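Rule-based calculations on the coordinates, nothing more; no lab input. This structure is a prediction, so every number in the text was calculated from the model and none was measured. Quick reminder, even Gly has a Cβ in these numbers, built from the backbone with ideal geometry, and neighbours come from all protein chains shown.
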Amino acid sequence: MKYLYSILLASFIIVGSSFATPMAGGETLVNTKITKAYPNPATSYIVFEFDRTVDRSYSLQIFAFYGKKMTELHINESKLNINLDDNYMRGLYIYQLVDLSGKIIESGKFQVNK
């Protein structure tokens, strides 16, 4: 059993490390456009901060966990503050950064506690 656990752990480490691009000096580079989403869990608002290289034609979409689109905003500055009105109930929400063709550039999740 110990041997099986060691093999599984090693395979997770190998697979998990393949998602980051290694750089010189042992550092890793992760290509992210959304640098911060806070506070998480959110109560009345959530702030998204974007990398300065983010394309201004992108839009940020927020979906309820069951699939309903809650918000879609075009990126016009490096920080978006979204007020969570009464339509945002307690639960898990998914955000997606999408380009003009609808391709998902980045996605993540946040929680609302009201």
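Side notes on the structure shown:
- 3J(HN,Hα) along region 87-104, derived from phi through the Karplus expression 6.51 cos²θ - 1.76 cosθ + 1.60 where θ = phi - 60°, amounts to 6, 8, 8, 4, x, 9, 10, 10, 10, 9, 9, 10, 8, 5, 7, x, 6, 7 Hz, with x in place of Gly and Pro.
- For region 75-114, convex hull volume per residue from C-alpha positions, Å³: 97
- Fewest-first sequence of 86, 99 by Cβ atoms within 10 Å of each Cβ: 86, 99
- Remark: region 30-112 carries a charge dipole of roughly 160 debye about the Cα centre, counting +1 on each Lys and Arg Cβ and -1 on each Asp and Glu Cβ.
- Placing R0 at 22 angstrom, the Cβ-Cβ distance between residue 40 and residue 99 gives a FRET efficiency of 0.35 after rounding to 0.05.
- Label point 7 Å beyond Cα of residue 55 along Cβ direction - residues of region 79-114 with amide nitrogen under 19 Å: 79, 96-108
- Here region 30-112 carries DSSP beta bridges of which approximately 95% are antiparallel, counting only pairs with both residues inside.
- Amide H contacts for residue 58 (H built 1.01 Å from N in the peptide plane; partners 5 or more residues away or on another chain; cut-off under 5 Å): 75.
- Loop-resident chymotrypsin sites (Phe, Trp or Tyr not before Pro) (DSSP state other than H, G, I, E or B) in region 29-92 with no more than 12 further Cβ atoms inside 10 Å of their Cβ: 65, 66.
- Listed by chain and number, the aspartates and glutamates placed with their C-alpha closer than 20 angstrom to that of residue 68 are 85, 86, 99, 106; residues fewer than eight positions away on the same chain are left out.
- Likely footprinting exposure, 53, 71, fewest C-beta neighbours within 10 Å first: 53, 71
- Each residue of region 67-74 is assigned a 3J(HN,Hα), and the resulting list reads x, 6, 6, 9, 8, 9, 10, 7 Hz, derived from the Karplus form 6.51 cos²θ - 1.76 cosθ + 1.60 (θ = phi - 60°), x at Gly and Pro.
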